[in-house]
């Protein structure tokens, strides 16, 4: 595996505990693979983390994801939790976003073991299922009609930016990115 890039905004890096919290509790991950012609392909999937491995699934039908995975096991995984957009300066472009995110680099494989697929779906339903569901649990009649993927995450990084308090946002505080700029009509 080639060496992944370092975090550019190290001032926004989150702790390992915060990375693990978002990784375990995030709603959706995006898995990026490399196509045969070198072009990237990214797909959003619901997922669970078990024993430091990220598991996701989709149809057993052969599509772009499966074709890429069978050819090249390298992946990049992204999980984010966006917050509100806020103003920090005088101009419309002086806006920011509160967020948390995790980027993971690793390898992916197809899970063929039925018992492992069963465990994945049991954990999946615990995470995403309706809490008061009144349906049979642990019964997955379409187990053979899905592909379960296991991502071994070799490197994880996280970043975040908390929503500043009102006293730190425009207009209470002016943190305009271009302090010498003038708006149209300001002479």
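The values are calculated or read from the model by the stated rules, or taken from the named source; none is laboratory data. As the structure is a prediction and not an experimental result, all values here were calculated from the model. Every residue, glycine as well, gets a Cβ built from its backbone with ideal geometry; the counts of neighbours run over all protein chains shown.
Here are the numbers:
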read-out	value
Residue 100 being outside any helix (DSSP H, G or I) and either touching a helix residue (DSSP H, G or I) at 6+ places or on another chain (Cβ under 7 Å) or under 22 Å from residue 142 (Cβ atoms) (or both)	yes
Which listed residue, of 167, 162, is touching a residue at least 12 places away in the same chain (Cβ under 8 Å), farther than 27 Å from residue 62 by Cβ and surrounded by fewer than 18 Cβ atoms within 10 Å (Cβ to Cβ)	162
Every residue from region 6-31 that is over 21 Å from residue 97 (Cβ atoms) and outside any loop (DSSP other than H, G, I, E, B)	16, 17, 20, 24, 31
Filter result (more than 25 Å from the chain's Cα centre (by Cα) and either modelled with pLDDT of 95 or more or on the phi > 0 side of the Ramachandran plot (or both)) within region 116-155	138
Candidate set from region 11-31 (those that are surrounded by fewer than 17 Cβ atoms within 10 Å (Cβ to Cβ) and touching a strand residue (DSSP E or B) at 6+ places or on another chain (Cβ under 7 Å)); member that is farthest from residue 105 (Cα to Cα)	12
Where residue 117 falls short, out of the listed (1) crowded, with 16+ Cβ neighbours inside 10 Å; (2) within 19 Å of residue 23 (Cβ to Cβ)	(2)
Which numbered condition residue 66 misses (of (1) closer than 21 Å to residue 124 by Cα; (2) over 22 Å from the mean Cα position of the chain (by Cα))	(2)
Evaluation of residue 89 against (1) modelled with pLDDT under 95; (2) under 15 Å from residue 57 (Cβ atoms); (3) touching a strand residue (DSSP E or B) at 6+ places or on another chain (Cβ under 9 Å) (one fails), failing number	(2)
Number of positions in region 68-85 that are more than 20 Å from residue 38 (Cα to Cα) and either modelled with pLDDT under 95 or buried (at least 17 other Cβ atoms within 10 Å of the Cβ) (or both)	2
Flag for residue 91 being touching a helix residue (DSSP H, G or I) at 6+ places or on another chain (Cβ under 6 Å), surrounded by 11 or more Cβ atoms within 10 Å (Cβ to Cβ), part of a loop (DSSP other than H, G, I, E, B) and at negative phi	no
